[in-house]
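The values are calculated or read from the model by the stated rules, or taken from the named source; none is laboratory data. Since the structure is predicted, the reported quantities are computational estimates derived from the model, not experimental observations. Here the Cβ positions follow ideal geometry from the backbone for every residue, glycine too, while neighbour counts run over all protein chains shown.
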Amino acid sequence: MDVLDLSRWQFGITTVYHFLFVPLTIGLSIIVAGFQTAWHRTGNPAYLRLTKFFGKLFLINFAMGVVTGIVQEFQFGMNWSDYSRFVGDVFGAPLAMEGLMAFFLESTFLGLWIFGWDKLSPRLHLATIWAAAIGTNLSAYFILAANSWMQHPVGYRLNPVTGRAELTDIWAVLTNSTTLVTFPHVIFGAFVTAGAFVAGVSAWHLLRKKDVELFRVSARTAMTVTLVASIGVALSGHWQAQIMTEQQPMKMAAAEALWEDENSAGFSLFAVGDVENGRNHINLQIPYGLSLLSTNTLDGHVEGVNDIQTRYEAAYGPGDYKPVVGIAYWSFRLMIGFGMLAALLALAGLWATRRGRLPDNPWFHRLAILGIGLPFLANSMGWIFTEMGRQPWTVFGIMRTAAAVSPGVDVTEVAITLVGFTLVYAVLAVVEIRLLLKFIRIGPDAEGEPDQPTDTVPALSY
Amino acid sequence: MELTTVWFLLIAVLWTGYFVLEGFDFGVGILLPLLGRDESDRRTLVRSIGPVWDGNEVWLIVAGGATFAAFPEWYATLFSGFYLPLFLILLALIVRGVALEYRGKSDSTRGWDRAFFWGSLGPAFLWGVAFANIVRGVPLDADHEYTGSLLTLLNPYALLGGLATLTLFTLHGAVFIRLKTDGELRERAGRLVRVIGLAALVIGGAFLVTTQLMVGKPATWGSVAVAAVAIAGALVATLRGRDGWSFAANTVAIVAVTVTLFASLWPNVMPALDPANSLTVDNASSTSYTLTVMTWVAVIFMPLVLAYQGWTYWVFRRRLTRVPGGS
């Protein structure tokens, strides 16, 4: 393995890991803010208990998102310095905006929310969690604008003297068609994730017949969130795929294991391919499916991997322009599959708990608990698909990943950081999950109980 | 004023904000084992920065992002060149952040306290090492790539810089604890201020005078003097029991040190040992279009951020006191 491979592994591992926490933070911030709003409006203490209980789980998760996020910003410069030189003029702007507009907002107001229960008026305190939630969601917009620029660069020119990309239109970057479809896809995905999490945690308590009334409310709320958000994910994902067909046909062709250009292309459900020779041995298809999805017509023209390769060689010079087809194909399917399972689970759960019912079969609850993992898997698969599917490009059409890596960093250094981050992240994962389980087990405070943990140490006040 | 100058100043402001704010966060972490005799003390210490530490750390993220946007070459050279020190800083910030959030939620706090201590000590030292190297100049080739090794960065001057920020931030933490606590904890912090204050005066003074003799400009004698007077002022104010003034004075000291470093740097952003390869505000910067866009963003949002962060400090302005009869 060389510096490039190791740097890619490190970016992949740290990014997928970081994105385990991000969607839960995004979705859960709004759900917790929603519970607190419900309490504020109705005065029903049940909502306050839900706010505090899920708020605590939210904070445990949030901390991990924050600390792993700093690595993300730093490693563009650390491991991808030639990338940073090449795109900084364009790519740095949304990153700086994210910090200035979103990160300050979420971190500052979250501090106020955590410690401000008895310092701020109830209305002002409610506003702080909303400000933090808005900051969190806003940060997703800027970082996705930055990522979308790598998928579909717009609003720039290449400076022939310096050989660098230069921003010519910030508005074009912020309203990139890719951003406009990716943002809802990611946000809806975050709500699917948070919904499944809240539903699963609630099911854990319902299984033990603890606080049944309370967790029935949270479970049904959460499953509704997951179900509605799933529809949003599917629709935005569909638009995303159509835009991708146009902007990055190679990624879409790889996702479908479609080797040759086709009219009336079918949607592949299961394929075993021969990547070397660019064909499939087995391919189970829904006839016309891909053409319909990609072009809205049954006989729409869809490009295939081999033909695109020929065209790209003509356009960009000799080289291999194919991503790893097997990974693109399966990550795409697994993303959709895990997402659909999460939606089905929510639907089944809503049906089973309709009109005051509560299923007796413990497996029903156990499935909901296991179902927490589904959106996380779907999210990871989605990122693996879209990032690996863009290869060999780091910025589509203008910069290859091989040219992006830091020339001054050597193999030993990257090996040290790769191992270091991976080990620390693994330990933290164990710590985080144990802490989550601990607080899930403890459950919500009884009504009227003080916030401070009851032990021998005196409480503190400002 | 040229936009590149504006952004050089803005980035100096962001780092200053970061050092002033996270400086006392680091100091609290460093002093935790010294001042926290029992769990009650330690909880008070951690709680003193509880509401604000995360917002303080965002100053670093924004400084990084702003450097990326305004001076991509600087960002690329600095971050890839200082690869391993930054890795250590990242690890430290990771375990420290997690420790701060998880400590109060865990059954055993000892491991977290250790993580908080080392996670504070490491960056407080390493940022000084990093900035001393930036100011001193490092080997860069014609492509502005760093050509030195880790050992290049561990020169005596840089290590002195590390000790300088370490003592200065520790002092900042001590005067902050004076300001935010009462009773015996406050007394003990006061006794520490005398020792650390003298150390900061000596080590910080040695670092700044060396900097001045090496790369300084006539004007930066002014900021060096301000830094020295401010540290002495913080000491005197503490002796007189004026905690607010002491904290304000030490804040001025950190501002003056950062000003000295950035003023010595100007108009370079990353001087090379061979001056022909130096990165300057001109050859490292983004286009004027990008700088214009970012200037508008900063003009609108920086005051907003300052306002709501300032408000946070106002909300939590009181000393932490133990609630009598608290559970």
Expected single match for hydroxyl-bearing (Ser, Thr, Tyr) and farther than 30 Å from A:Ala165 by Cβ among B:Thr295, B:Thr211 is B:Thr211
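Residue by residue, here is whether (1) acidic (Asp, Glu); (2) touching a Leu at 6+ places or on another chain (Cβ under 6 Å) holds:
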position: B:Arg114; (1), (2): no, no
position: B:Phe117; (1), (2): no, yes
position: B:Val129; (1), (2): no, no
position: B:Leu171; (1), (2): no, no
position: B:Ala174; (1), (2): no, yes
position: B:Asp182; (1), (2): yes, no
position: B:Glu187; (1), (2): yes, no
Over segment B:242-251, the set of residues surrounded by fewer than 19 Cβ atoms within 10 Å (Cβ to Cβ) and touching a residue at least 12 places away in the same chain (Cβ under 8 Å) is B:Gly244, B:Trp245
A:Trp363: passes all of (1) surrounded by 14 or more Cβ atoms within 10 Å (Cβ to Cβ); (2) at pLDDT below 95; (3) in the same structural domain as A:Phe58 (by TED's automatic domain parsing) but (1)
Scanning segment B:198-236 residue by residue, those under 16 Å from B:Ala253 (Cβ atoms) and in contact with a Ser or Thr (Cβ under 7 Å, 6 or more places away or on another chain) turn out to be B:Ala199, B:Ala200, B:Ile203, B:Gly204, B:Leu208, B:Thr211, B:Gln212, B:Thr220, B:Ser223, B:Val224, B:Ala227, B:Ala234
Of the residues in segment B:59-84 that are touching a His at 6+ places or on another chain (Cβ under 9 Å) and under 14 Å from A:Phe91 (Cβ atoms), the one that is nearest to the other protein chains (Cβ to nearest Cβ) is B:Ala76
Filtering segment A:107-120 down to residues that are more than 8 Å from chain B (Cβ to nearest Cβ) and either at pLDDT below 95 or over 24 Å from B:Thr44 (Cα atoms) (or both) yields A:Trp117, A:Asp118
Cβ pairs under 7 Å, 6+ apart or interchain, first in segment A:74-97 and assigned to a helix (DSSP H, G or I), second surrounded by fewer than 24 Cβ atoms within 10 Å (Cβ to Cβ) and of a type in the set (Lys, Arg), ordered by first then second residue, are A:Arg85/A:Arg164; A:Phe86/A:Arg164; A:Asp89/A:Arg164
message = Just to be sure before I move on: is A:Leu370 over 30 Å from A:Ile308 (Cα atoms) and within 14 Å of chain B (Cβ to nearest Cβ) in the structure I sent?
response = no
* Selection status of B:Ala298, within 8 Å of chain A (Cβ to nearest Cβ), within 24 Å of the chain's Cα centre (by Cα) and closer than 30 Å to A:Asp89 by Cβ -> yes
All conditions in (1) over 17 Å from B:Val20 (Cβ atoms); (2) in contact with a Leu (Cβ under 6 Å, 6 or more places away or on another chain) are true of B:Arg194 except (2)
Of all helices (runs of 4 or more DSSP H) fully inside segment A:158-265, the set with 2 or more residues that are touching a residue at least 60 places away in the same chain (Cβ under 8 Å), of a type in the set (A, V, I, L, M) and closer than 24 Å to A:Leu344 by Cβ is A:177-207, A:212-247
Taking first residues from segment A:132-147 that are assigned by TED's automatic domain parsing to the domain that holds A:Phe62 and within 13 Å of A:Phe104 (Cβ to Cβ) and second residues anywhere that are assigned to a helix (DSSP H, G or I) and of a type in the set (Gly, Ala, Ser), the pairs with Cβ under 6 Å that are 6 or more apart or on different chains are A:Gly135/A:Ala102; A:Thr136/A:Ser29; A:Leu138/A:Ala102; A:Ser139/A:Ala102
Could you go through segment B:26-33 and let me know if any residue there is assigned to a helix (DSSP H, G or I), surrounded by fewer than 23 Cβ atoms within 10 Å (Cβ to Cβ), among the β-branched types (Val, Ile, Thr) and in contact (Cβ under 8 Å) with a residue 24 or more places away in the chain. no
Just one listed residue, out of A:Ala257, A:Ala271, A:Ala265, A:Ala241, is at pLDDT below 95 and over 28 Å from the mean Cα position of the chain (by Cα), and it is A:Ala265
- Is it the case that some residue within segment A:4-22 is among the aliphatic types (A, V, I, L, M), within 15 Å of A:Met78 (Cα to Cα) and surrounded by fewer than 21 Cβ atoms within 10 Å (Cβ to Cβ)? yes
Wholly inside segment B:124-221, helices (runs of 4 or more DSSP H) that include 1 or more residues that are buried (at least 24 other Cβ atoms within 10 Å of the Cβ), touching a residue at least 12 places away in the same chain (Cβ under 8 Å) and in contact with a Lys or Arg (Cβ under 7 Å, 6 or more places away or on another chain) are B:156-180, B:183-215
Residues of segment B:85-107 being more than 7 Å from chain A (Cβ to nearest Cβ) and closer than 18 Å to B:Ala130 by Cβ, in sequence order, are B:Pro85, B:Leu88, B:Ile89, B:Ala92, B:Arg96
Within segment B:15-47, residues out of contact with any Gly (no Cβ under 9 Å at 6 or more places or on another chain) and either acidic (Asp, Glu) or within 14 Å of another protein chain (Cβ to nearest Cβ) (or both) come out as B:Trp15, B:Gly17, B:Tyr18, B:Glu22, B:Gly36, B:Arg37, B:Asp38, B:Glu39, B:Ser40, B:Asp41
Residues in segment A:387-426 that are more than 13 Å from chain B (Cβ to nearest Cβ), farther than 24 Å from B:Tyr75 by Cα and not small (Gly, Ala, Ser) total 4
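Would you check which residues across segment A:128-157 are within 11 Å of chain B (Cβ to nearest Cβ) and either crowded, with 20+ Cβ neighbours inside 10 Å or not in a loop (DSSP other than H, G, I, E, B) (or both) and list them? Working first, answer last.
Our first condition is that a residue be within 11 Å of chain B (Cβ to nearest Cβ); within segment A:128-157, this holds for A:128, A:131-132, A:135, A:139, A:142-143, A:146, A:155-157.
Those that are within 11 Å of chain B (Cβ to nearest Cβ) and either crowded, with 20+ Cβ neighbours inside 10 Å or not in a loop (DSSP other than H, G, I, E, B) (or both): A:Thr128, A:Ala131, A:Ala132, A:Gly135, A:Ser139, A:Phe142, A:Ile143, A:Ala146, A:Tyr156, A:Arg157.
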Note on segment A:71-89: residues within 18 Å of B:Ser288 (Cα to Cα) and more than 7 Å from chain B (Cβ to nearest Cβ) are A:Phe86, A:Val87
In segment B:127-146, anything touching a Gly at 6+ places or on another chain (Cβ under 7 Å) and within 13 Å of chain A (Cβ to nearest Cβ) is listed as B:Val138, B:Pro139, B:Glu145, B:Tyr146
Some residue of segment A:311-318 being touching a residue at least 12 places away in the same chain (Cβ under 8 Å) and in the same structural domain as A:Val233 (by TED's automatic domain parsing): no
Residues of segment B:274-295 being assigned to a helix (DSSP H, G or I), surrounded by fewer than 17 Cβ atoms within 10 Å (Cβ to Cβ) and more than 9 Å from chain A (Cβ to nearest Cβ), in sequence order, are B:Pro275, B:Ala276, B:Ser288, B:Thr292, B:Thr295
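Output yes when any residue across segment A:39-47 is more than 9 Å from chain B (Cβ to nearest Cβ), charged (D, E, K, R), surrounded by fewer than 22 Cβ atoms within 10 Å (Cβ to Cβ) and over 17 Å from the mean Cα position of the chain (by Cα), and no when none is.
yes
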Please verify whether segment B:304-321 includes one or more residues that are more than 10 Å from chain A (Cβ to nearest Cβ), out of contact with any strand residue (DSSP E or B) (no Cβ under 7 Å at 6 or more places or on another chain) and part of a loop (DSSP other than H, G, I, E, B). no
